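The values are calculated or read from the model by the stated rules, or taken from the named source; none is laboratory data. Quick caveat, the model's predicted, so the values are computed rather than measured. Cβ coordinates were reconstructed from backbone atoms using ideal geometry, including for glycine residues, and neighbour counts include every protein chain displayed. Keep in mind that these areas ignore ligands, DNA and RNA; they rest on the heavy atoms of the full protein, side chains included. Shrake-Rupley method; radii C 1.70, N 1.55, O 1.52, S 1.80 Å.
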Amino acid sequence: MNGKLKESFLFHLGIVLAIFVLLYICFFASLHCFTKHGEEIVIPNVSGKNVNDAITQLKALKFEVQVDSTYEPDQKPLCVLKQVPDTSSVVKEGRTVFLTVNMIMPPHIPMPALVNLSYRSAVMLLKNNKLRVGDTTYKPDIAAGAIIEQRYKGSPIRPGELITQGTKIDLVIGDGLGNTEFNVPELTKYTVEEGMTVLNQYNLIPIISPADQLSRITDTQSAYIVDQEPRAINEAGVPNRIKAGDIISIRIMQNPDQMDIHGNTNTTKDVIEDNKKAKK
C-alpha cells in the first residue's frame, strides 16, 4: 500500500515538474513578442529643426512626443534646442521623446546688479540671465577693471527693473585713475551746477567753499565760481596740469561783481555779467 502511494506521489510530482519546465520554455520562447526584441529604432537627430517638422518626423517613426520650452537668445524661435533620448539612442517603438523648444517671445526678468563686479563676473551673470553684452566703454575711476555703470539704450538701468531676455546691456568699466595729465579746466565762467558737469567729465573731485566769510550762499547750484585752485593758467602764463581723481578747490559767491572774479580768461567776467542781466 505504501509502495503504491509512493509511486503515485512520484508520478504526480513528475507531472508538476514537467508542467513547470514546459511553462518556462513557453515563457522565454514568447518573451520577444512582449518586449518587441529586434524592433528597436534609432532616435533621429531633430535638434535645430522647427518643432513642427521634428514632431512630424518622430511621429512617422511611431514615437510619442512631449514638448517643453525655454529661451535662448542666439537661437531661432520654435527650433528644437534639446531632445531626450539623445541622437542615435536605440529605443523601442512607441517610446516618448521629450523636446525642448525655443520660445517665440522672450520672457521678462529682473535686471541683475552688475556695478562693482569684475568684467568677467558681470559677463557671466549676464549670460546666466540670458542677457547679452552690448558696448563696453572705459571711464577713469579708482575701481579699475570693475563695472561702474550698467546701461540700456544709452540710459542707466537699475537692478530689479524688468527687462526681456536677449537684451544687450552696455557696460562702463573703471579704467583706473592712471598717470595721464591734462590741462586744468577753467571753471570761473560757470555756475556751480555747470562747473560740476565739467569736473565730472574730467573725473576731478571738487571741494566747495564760500569765497569769504561774508559771502551768503542762498542757492549753491546757481552760485558762481569766482576762483579755483589750481587755476587754469599759472603766473608764468603756462597751463597747469592735473590728473583724473585729483582734488580741485573752488570758491563761490551768489552774486559776484567783476572785481570778485579771479579767473584766467578775459571772457569770464563778461559771461557772468551777461548771465546776471539775463536773470533780471
Next item on the list: Look at the range 119-164 and say how many of its residues are assigned to a loop (DSSP other than H, G, I, E, B), under 20 Å from residue 176 (Cβ atoms) and not acidic (Asp, Glu).
Entry: 5
Item checked: Every residue from the range 140-166 that is touching a residue at least 60 places away in the same chain (Cβ under 8 Å) and not small (Gly, Ala, Ser) -> 140, 141, 142, 165
Next item on the list: Evaluate the range 130-139: report whether one residue or more is touching a residue at least 40 places away in the same chain (Cβ under 8 Å) and within 30 Å of residue 245 (Cα to Cα).
Entry: yes
Check: In the range 39-56, is there at least one residue being open to solvent by 70 Å² or more (accessible area, probe 1.4 Å), in a loop (DSSP other than H, G, I, E, B) and within 25 Å of residue 168 (Cα to Cα)?
Finding: no
Notebook entry, point to check: Of the numbered conditions (1) surrounded by 13 or more Cβ atoms within 10 Å (Cβ to Cβ); (2) over 12 Å from residue 185 (Cα atoms); (3) modelled with pLDDT of 85 or more, residue 242 satisfies every one except a single condition; which is it?
Noted result: (2)
Checklist line | Selection within the range 62-116 - open to solvent by 80 Å² or more (accessible area, probe 1.4 Å), under 30 Å from residue 170 (Cα atoms) and assigned to a strand (DSSP E or B) | finding: 108
Notebook entry, point to check: Could you list, in sequence order, the residues of the range 153-165 that are under 30 Å from residue 246 (Cα atoms) and either open to solvent by 50 Å² or more (accessible area, probe 1.4 Å) or over 12 Å from the mean Cα position of the chain (by Cα) (or both)?
Noted result: 154, 155, 156, 158
Check: Residue check: is residue 186 surrounded by 17 or more Cβ atoms within 10 Å (Cβ to Cβ) and part of a loop (DSSP other than H, G, I, E, B)?
Finding: yes
Notebook entry, point to check: Out of curiosity, is residue 224 out of contact with any Leu (no Cβ under 9 Å at 6 or more places or on another chain), in contact (Cβ under 8 Å) with a residue 40 or more places away in the chain, under 21 Å from residue 138 (Cβ atoms) and among the hydroxyl-bearing types (Ser, Thr, Tyr)?
Noted result: no
Margin query: Restricting to the range 166-183, count the residues that are under 11 Å from the mean Cα position of the chain (by Cα) and either surrounded by 18 or more Cβ atoms within 10 Å (Cβ to Cβ) or farther than 21 Å from residue 130 by Cβ (or both).
Written below: 4
